[in-house]
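Have a look at the structure below, then the notes.
The values are calculated or read from the model by the stated rules, or taken from the named source; none is laboratory data. Remember, predicted model here, so these are calculated numbers, not experimental data. Virtual Cβ from ideal backbone geometry, glycine too; neighbours counted across all protein chains shown. These accessible areas exclude ligands, DNA and RNA; they are computed on the full protein's heavy atoms, side chains included. Shrake-Rupley method; radii C 1.70, N 1.55, O 1.52, S 1.80 Å.
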Amino acid sequence: MSRSAHPAGPRHADVLPEGHYTAPADDLNALDPKVWAHTVGRDADGVVTVGGIAVTQLAEEYGTPAYILDEADFRDRARAWRTAFGTDADVFYAGKAFLSRAVVRWLDEEGLNLDVCSGGELATALAAGMPAERIAFHGNNKSPEEIERAVRAGVGRIVLDSFQEIVRVAHTAESLGKRQRVQIRVTVGVEAHTHEFIATAHEDQKFGIPLADGQAAEAVRRALQLDGLDVIGIHSHIGSQIFDMSGFEVAAHRVVGLLKDVRDEHGVELAEIDLGGGLGIAYTSDDDPREPHEIAKALNEIVTRECEGARLRTPRISVEPGRAIVGPTAFTLYEVGTVKPLEGLRTYVSVDGGMSDNIRTALYDAEYSVALASRTSDAEPMLVRVVGKHCESGDIVVKDAFLPGDLAPGDLIAVPATGAYCRSMASNYNHAMRPPVVAVRDGAARVIVRRETEEDLLRLDVG
Ligand SMILES: *Cc1c(COP(=O)(O)O)cnc(C)c1O
């Protein structure tokens, strides 16, 4: 990260403090299409609009903070993944990134499949009418009730994560007179994040069954013997916010190695390989994610090459993007409450939400960008930290960014690329009421997840 030159302006000391920021954009009013949803722009008055609706109108109608989701953009991105992978592959949207019944219906209409990893996510998917055979059920500790519900519903696949689970799912399926399609999740010793990946012989994490020491091969051996299971393939998920495809190369090489061992030992060529999700998006203008068609091309080439080398039939590929579909489609709209300049340091801008609606900055040191949304300004840039209203000094939404120096209470600011892992990880910390998700399309807005109320909070508190 580069250190910025000293931007002129009355609110700045001569030297900017240490930080993870780049120089302010030439025009703070500009909205970089890389980080904003497709239909975001500014109207003639300089107000940010999405789907043709001004954020000032959205704030008035739905309040702040609010997640504003561009439905057309969501559908565009879902379709782009679907089209890029074609009919010989499957795209499973990772529901944990953000799930609601409206989202499930959009996915269904756009021809995507759906990953769930809890009974609650499964219930949401089924309630919205997603055909069970297009649902995959994940998780490292599915309860017996969750397993039974998934098998009864007829989910298309359960991704098995441990030796115990192989037996549990097999027994459940048998007792229901069914044969459950399953994949076995393996850990391949690759951990990938953003621009680097680490490849080791071992994997030290809770998910999956290690390839190392022949554990994954043993898992396949046991699963193939159980009547309740139809072993359709191998699953691998290597990380998150990945830009560099080389981690997938190592992972595919190792998974195909297992497929070859399985063929040699059992005479069975497993039909599917799932390469997981984790594809990166742009949170700031510094990020350069790849397009779905580039990712599809790269993954297809990698798997085909590895399989030719092992003289295996190329399996059907599946991928599980979550963040890459929903992340860029939404922004969080906040109202500025206080502006507190700290001489020689930075200006703290407090908004009406915080770590309860976006935990990623506190949890992962995630980077975000921010823009003044209710108007434009020609004031000099000032270095800000956008913080929430919670009783926690780590309650930071945007760690280092520039906003116009005339920012004032009552202004609306928007933090882009909050579609993934913000509402889904939101909490009631300090008894905050979780914000609504408002979907906007073609000049019309509708609430798809409503704002929590004090009644909602008190309903759980049974005295
Ligand atoms: C979290 C997860 C995903 C989605 O990850 P993104 O970074 O949102 O693309 C996909 N598959 C599995 C198994 C996951 O755990």
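Values computed for the structure shown
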read-out: Dipole in debye (nearest 20) - the chain, about Cα centre, beta carbon charges: Lys, Arg +1; Asp, Glu -1; value: 1140 debye
read-out: Rounded to the nearest 10 Å², the accessible area of Leu458 at probe 1.4 Å; value: 120 Å²
read-out: With at most 15 neighbouring Cβ atoms within 10 Å, loop GluC sites (Glu not before Pro) (DSSP) excluded, longest segment of the chain; value: 19-268
read-out: Listed residues Gln164, Pro292, Thr304: farthest to the positive end of the dipole of region 138-321 (Cβ charges); value: Gln164
read-out: Placed amide H near Arg385: partners under 5 Å, 5+ positions off or other chain; value: Thr347, Tyr348, Val349
read-out: Sulfur and carbon atoms: percent of accessible area, region 138-321 [1.4 Å]; value: 45 percent
read-out: Ranking by accessible area, most exposed first, for Tyr429, Tyr334 with a 1.4 Å probe; value: Tyr429, Tyr334
read-out: Integer Hz, Karplus 6.51/-1.76/1.60 couplings in order for region 361-374, x for Gly and Pro; value: 5, 5, 7, 10, 6, 5, 9, 9, 10, 8, 9, 5, 10, 8
read-out: Centre separation in Å (Cα based) which lies between region 36-76 and region 344-376; value: 18 Å
read-out: Added length on full extension, which subtracts the Cα-Cα distance from 0.36 nm per residue, Arg446 to Asp213; value: 78.6 nm
read-out: Sequence-separation-based contact order of region 81-147, relative, with Cα cut under 8 Å and 6+ spacing, percent; value: 31 percent
read-out: Whole-Hz couplings from phi, Karplus 6.51/-1.76/1.60, listed for region 53-59; x for Gly and Pro; value: 10, 6, 5, 4, 5, 5, 5
read-out: Whole-Hz ³J(HN,Hα) from phi, Karplus 6.51 cos²θ - 1.76 cosθ + 1.60, for region 392-407, glycine and proline x; value: 6, 6, x, 6, 10, 9, 10, 6, 9, 7, 10, 10, x, x, 9, 3
read-out: Residue-normalised accessible area of region 271-387, given per residue in Å² at a 1.4 Å probe; value: 37 Å²
read-out: Pairwise Lys count, the chain - Cα closer than 21 Å, eight or more residues apart or different chains; value: 8
read-out: Estimated dipole of region 138-321 in Debye, rounded to 20 [Cβ of Lys and Arg +1, of Asp and Glu -1, Cα centre]; value: 840 debye
read-out: Two-site label geometry, Arg101 and Asn428: point separation in nm, points 7 Å out along Cα→Cβ; value: 2.1 nm
